[in-house]
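Peer 1: Take this structure first; my questions come after.
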Amino acid sequence: MTTRIGVVTFPGTLDDSDAARAVRLTGSEPVALWHGNDTLDGVDAVILPGGFSYGDYLRCGAIARFSPVMGELIKAANDGMPVLGICNGFQVLAEAHLLPGALMRNASRTFICRDQKLRVESRDSVWSNAFEVGQEITIVLKSGEGNYIADAETLQRLEDNDQVVFRYIGNPNGSANDIAGITNQRGNVVGLMPHPEHNVDPDASPTTDGVPFFTSLVSYLQQVS
Ligand SMILES: NC(=O)CC[C@H](N)C(=O)O
């Protein structure tokens, strides 16, 4: 059966259509989820896409985190549903405490938009099992608040538990330990600042290094079904 992946739209979300397109191009079915609805429509997994939810007021993701859809999403994620937060989606997951730490203004205080090299650090998550550890990939980074921070104890726990999934090669924004993406302890919730959904189509992007994110999910769901 085709994997159904929900893509949430908040007011100010920008990358929901690219996320839905990436889901379709990689063989799954995208399901549009509206932030104001308190249902996940029976989907197998959810993507929180990038953008500027609620105009980035207060802090990026701080208002979106209280949207009705988030109540259901938090419950489902705690029950093991796969969730991928991309950029603003990562910020929402951090604000919702589904992932530890926070995203601050880039050290340069400027918005960064570029192709970014990353190293895959862990295959031990629902969204990264199709990569090899140590593999170098290039996907788009475009954010003003991508500077990952956590207290020393949390950083140590992330390192000890293999929860750092992607690290920047050439730290662009001041992130602690060069962290670009992390997972929760169970491995079902992943957040990262760069954008895999923009790197799936060889006609539209210089790499297709975003594809394994989506195929990782499909093979995980096949294994557990
Ligand atoms: N591309 C995005 O999702 C941007 C996220 C957020 N608005 C920031 O600038 O950091």
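The values are calculated or read from the model by the stated rules, or taken from the named source; none is laboratory data. Note that the structure is predicted; figures quoted are calculated from it, not measured. Positions of Cβ are generated from backbone atoms using ideal geometry, with glycine treated the same way; all protein chains shown enter the neighbour counts.
Peer 1: Take Leu93 and decide whether it is within 16 Å of the ligand (Cβ to nearest atom) and within 27 Å of Gln156 (Cβ to Cβ). Write out each step before concluding.
Peer 2: Working: within 16 Å of the ligand (Cβ to nearest atom): yes; within 27 Å of Gln156 (Cβ to Cβ): yes.
Yes.
Peer 1: Check Leu84 against each of (1) out of contact with any helix residue (DSSP H, G or I) (no Cβ under 8 Å at 6 or more places or on another chain); (2) within 16 Å of the ligand (Cβ to nearest atom) and name the one condition it does not meet.
Peer 2: (1)
Peer 1: Being of a type outside the set (S, T, N, Q), within 17 Å of the chain's Cα centre (by Cα) and within 11 Å of the ligand (Cβ to nearest atom) is the filter here; which residues of the range 43-55 pass it?
Peer 2: Leu48, Pro49, Gly50, Gly51, Phe52
Peer 1: Residue under question is Ile112, and the condition is that it be β-branched (Val, Ile, Thr), within 12 Å of the ligand (Cβ to nearest atom), surrounded by fewer than 19 Cβ atoms within 10 Å (Cβ to Cβ) and at pLDDT 95 or above; does it hold?
Peer 2: Considered against the rule, which asks whether it is β-branched (Val, Ile, Thr), within 12 Å of the ligand (Cβ to nearest atom), surrounded by fewer than 19 Cβ atoms within 10 Å (Cβ to Cβ) and at pLDDT 95 or above, Ile112 comes out as yes.
Peer 1: Would you mind finding the one in Cys87, Cys60 that is in contact with a His (Cβ under 8 Å, 6 or more places away or on another chain) and either buried (at least 23 other Cβ atoms within 10 Å of the Cβ) or basic (Lys, Arg) (or both)?
Peer 2: Only one candidate qualifies: Cys87.
Peer 1: Okay, next question. Kindly provide the set of residues from the range 97-109 that are aliphatic (A, V, I, L, M) and more than 10 Å from the ligand (Cβ to nearest atom), ordered by number.
Peer 2: Passing the criteria: Leu98, Leu99, Ala102, Ala107.
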